[in-house]
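Notes follow once the structure below has been shown.
The values are calculated or read from the model by the stated rules, or taken from the named source; none is laboratory data. Small disclaimer: the values here were computed from a predicted structure and weren't measured. Cβ atoms come from the backbone with ideal geometry, glycine included; neighbour counts cover every protein chain shown. Heavy atoms of the whole protein, side chains included, go into the accessibility calculation; ligands, DNA and RNA do not. Shrake-Rupley method; radii C 1.70, N 1.55, O 1.52, S 1.80 Å.
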Amino acid sequence: MEKPIRLQKFLASAGVASRRKAEEYIARGRVKVDGKVITAMGQQIIPGKQKVLFDNREVTPEEKTVYILLNKPRGYVTTLSDPQGRPIVSSLLRGVRERVFPVGRLDLDTEGALLLTNDGALAQSILHPSNEVHKTYEATVRGVPSPNSLRSLEKGIILEKKKTAPARLRIKRKYKQNCVVIITIHEGRKRQVKKMFQAVGHPVQSLKRLAYGRLGLSNLEPGEFRFLQQNDIKKIFSKKSPLQTKK
Ligand code: URA
């Protein structure tokens, strides 16, 4: 007989969302087991024996796990549905039959590397702060930050009463009115890069995520995606950022 597992773990393994997000969905009353809304966190279920609904759609365990790297274009929202009717990232995944979800988010006006998967456990470990997954961005910012500003961003600044973790920064190109900075962070606070530059007086004009760890976009054009293999997944967790040293 199948062993009972926690409801949030079942939802994650079925590709509904990361475990953390699944807990949020449970708490919000979006999950039913055998016809009953479950909001408590301790619920266990027996996969295959009990009927689980998410937003009134039956959840069945996924057979195949897939990992996708998308170059998200600007103007797309990082959700699977949008009440405002804006373009959603999943509409770009033509031919993908598995029900994948984005790992973390990019702002509407941010472009670049976005992972999508139906592997809740992997999503959880990428998002978990203790794993310190490095994310590298190319930010065009107003003006040119002084060496002091760069140093303080690297060491950590107070944002919403909490110090940011150490970051790496390098100015790639300077122009008259703005400059391009390569920044690597390993936290995932909402709008973190924009808030960091705003805090030192250099608002972000455009933002692109170049890489997770050593997994870069390579030659993916905006709107294009590719399936990842196990060796790509390993690169996500790498602490080396070649983009920080390349000219
Ligand atoms: N930081 C931001 O400010 N925006 C993003 O989309 C990603 C990181």
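Under the definition of Cα pairs under 8 Å and six or more residues apart, what whole-number percent is the relative contact order of the range 134-212?
Once divided by the residue count of the range 134-212, the mean separation gives 48 percent.
Order the following by accessible area, largest value first: Arg191, Arg209. Probe radius 1.4 Å; ligands, DNA and RNA are ignored.
The ranking, largest first, comes out as Arg191, Arg209.
In what sequence, highest mean first, do 177-184, 134-141, 80-87, 53-60 appear when ranked by Cβ atoms within 10 angstrom?
134-141, 177-184, 53-60, 80-87
Counting only DSSP beta bridges with both residues in the range 1-118, tell me the antiparallel percent, nearest 5.
Around 95 percent of the beta bridges assigned by DSSP in the range 1-118 are antiparallel ones.
Only Cα pairs under 8 Å and at least 6 apart count here; give the relative contact order of the range 5-58 as a rounded whole percent.
36 percent.
Roughly speaking, to the nearest percent, how much of the chain's 1.4 Å accessible area is carbon and sulfur?
Percent of accessible area from carbon and sulfur atoms in the chain: 49.
Any idea of the accessible area per residue across the chain, 1.4 Å probe, to the nearest Å²?
Normalised by residue count, the accessible surface of the chain is 55 Å².
Quick one: of the DSSP bridges fully inside the range 89-218, what percent are antiparallel, nearest 5?
In the range 89-218, approximately 90 percent of DSSP beta bridges are antiparallel ones.
Straight-line reach from Lys240: which lysines fall under 20 Å, measuring Cα to Cα and dropping same-chain residues less than 8 apart?
Answer for Lys240, where 20 Å is the Cα cut-off: Lys135, Lys155, Lys172, Lys208, listed by chain and number.
Only helical DSSP H runs with n ≥ 4 go in: add -39500 (n - 2.57) per run for the chain, normalise by residue count and round the 222 nm mean residue ellipticity to 500 deg cm²/dmol.
Helix-only estimate at 222 nm: -5000 deg cm²/dmol.
Compute a Gaussian network model of the chain, connecting alpha carbons closer than 10 Å, and tell me which residue from Val33, Val16, Val89 fluctuates the most.
Of Val33, Val16, Val89, the most mobile in the Gaussian network model is Val33.
Over the chain, what is the relative contact order in percent, taking alpha-carbon pairs closer than 8 angstrom and at least six residues apart?
So the answer I get is 20 percent.
Which residues does the label zone of Lys3 cover in the range 15-47, counting backbone N under 20 Å from a point 7 Å along Cα→Cβ?
Under 20 Å, as judged by backbone N against the label point of Lys3, lie 15, 19, 42-47 of the range 15-47.
Using the Cα centre of the range 1-111 as origin and beta-carbon charges of +1 (Lys, Arg) and -1 (Asp, Glu), tell me which of Val52, Ser91, Leu80 is placed farthest towards the positive end of the dipole.
Comparing the listed Cα positions along the dipole, Val52 ranks first.
Relative to 2.2 N^0.38 Å, what does the C-alpha radius of gyration of the range 5-58 come to as a ratio? Two decimals please.
For the range 5-58, the normalised Cα radius of gyration comes out at 0.94.
Take the Cβ-Cβ distance between Arg20 and Leu220 as r, set R0 to 30 Å, and report the resulting FRET efficiency rounded to the nearest 0.05.
That gives a FRET efficiency of 0.65.
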